[in-house]
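In what follows, a single structure is set out as structure tokens and then discussed.
The values are calculated or read from the model by the stated rules, or taken from the named source; none is laboratory data. As the structure is a prediction and not an experimental result, all values here were calculated from the model. Note: ideal-geometry Cβ built from the backbone for every residue, glycine included; neighbour counts use all protein chains shown. The accessibility values were calculated without ligands, DNA or RNA, using every heavy atom of the protein model including side chains. Shrake-Rupley method; radii C 1.70, N 1.55, O 1.52, S 1.80 Å.
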Amino acid sequence: MAGAALLALAAGGSAKAGGPEADTQDKTVDWLGLAAGSAAAAETVLAADLAGLFATGAPLCVLPLLGDAGEGNVTLLIDAPHVDIAFVSTDALAAAASARKDLPEHVELVARLYPQEVHVLARADIRTIADLAGKKVSFGPAGSASSVTGAALFKALGIEVEPENLDAGLAIEQLKQGSISAAVIVSGKPSPLLEGVPPDLGLHLLPVTFGASLQQAYLPTRIEAADYPNLIDAGEEVSTVATGMLLLAAKNKNDPDSAARVARFVDTLFPRFAELQASGRHPKWREVNLAATLPGFARTPEAESWLATRAAMTPKPIAATPGPVAPQPGDMATGSDRKEKLFRKFIEWRRTSSN
């Protein structure tokens, strides 16, 4: 309901003075809809951070919208009025691109964001991910980032489960009741929802071991006790894998003002990006490299121009170094060069492998 109300507001066009969405000088304000994730998702927290860069009364205001960070957000970008920017997971983009070959004509890259961790939350009687074979596992709402990644991950692992399409909050309730055995929640750590799971429920995070079947599409990483002291004992950690999160913009939208809104957004975001990496913001901002590319998709002209100008001015990095990725015995090298190559390869791999 909240998401629908926000979407209706965003689709209503420019707002005049006299309402809460108006500025203080009786000027027309243009609204840009920013589709994020569910109410408790990390990307929704980051969307609020982005909106905070645009002062009240500015010519452009950013309105965060509830979404699914998945294929639903891709649809919003293409079809919904005044939804011009969206968080979309790399798995969901690959799935959408497989179904729609002309997708690069309709969306373009603002920034490739952070790795988002795969959390497999399970009941106490489930000790390994293999124990989930034949059991009910929630992947998240159909088409969502978690749902797309969950299905692809278990297929790659060769583990057949009985999938459920529950939102994360309901999945945790059903875990408590014993109706399901596990829930896959794909979110940049720390996930606000998982932070709120009481420590006395017997729920825990299952390790996902990185191996040959996952190396084309995922990165090895870890979740530490500091991320979820309610779920992981002090000094312990849980190995898992990560997919990616993107910030995409509408391209060639059936809205004559869309390109101008996107340009204003990017022209504000890039010069002020360091503000998002400051203390007090979500830690995932500090894992973003604004110069990272996305094979098969163009970058917005404004972002491309800003990066070219910045590169000409200084050879120094323009963004924080991506966060550490946990090495595991027997696995391939996972330095920054390797991570970059993996990200470059996996979109094309996922697209071709699903055909």
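Ignoring everything but the protein chains, give the 1.4 Å probe accessible area of D125 in square angstrom, nearest 10.
100 Å²
What order, most packed first, do the peptides 241-248, 54-61 have when packing is the mean number of other Cβ atoms within 10 Å of each residue?
Highest to lowest by the protection proxy: 241-248, 54-61.
Between D30 and A225, what is the spin-label point distance in nm, taking each point 7 Å from the Cα along the Cα→C-beta axis?
5.2 nm
Stretch E304-K176 to full length: gain in nm at 0.36 nm per residue minus the Cα-Cα span?
41.3 nm
Rounded if a/c is under 1.5, else prolate if a/b is larger than b/c, else oblate: which is region 33-127, with a ≥ b ≥ c the root eigenvalues of its Cα gyration tensor?
It comes out oblate by the Cα gyration axes.
Show me the three semi-axes of the equivalent ellipsoid for region 161-253, from the C-alpha gyration tensor (sqrt of 5 times each eigenvalue), largest first, rounded to whole Å.
For region 161-253, the semi-axes come out at 24, 19, 15 Å.
Given the C-alpha atoms of region 69-214, compute the convex hull and give its volume per residue in Å³.
Value for region 69-214: 123 Å³ per residue.
Given labels modelled 7 Å from the Cα in the Cβ direction, how far is it in nm from T56 to A133?
About 5.9 nm, to one decimal.
Short version: ³J(HN,Hα) in whole Hz for each residue of region 231-237, in order, from phi by Karplus 6.51 cos²θ - 1.76 cosθ + 1.60 (θ = phi - 60°), x for Gly and Pro, what are they?
10, 10, 5, 3, x, 9, 8
Among the GluC sites (Glu not before Pro) within region 163-258, which fall in a DSSP loop and have no more than 16 other Cβ atoms within 10 Å of their own Cβ?
In loop regions of region 163-258 (DSSP not H, G, I, E or B), the sparsely surrounded GluC sites (Glu not before Pro) are E236.
Could you look at region 190-275 and say what percent of its accessible area is carbon and sulfur, using a 1.4 Å probe and all protein chains?
47 percent
With every protein chain in place, what's the accessible area of H106 (1.4 Å probe, Å², nearest 10)?
About 40 Å², rounded to the nearest 10.
For V238, tell me the accessible area in Å² from a 1.4 Å probe, rounded to the nearest 10.
Result for V238: roughly 20 Å² accessible.
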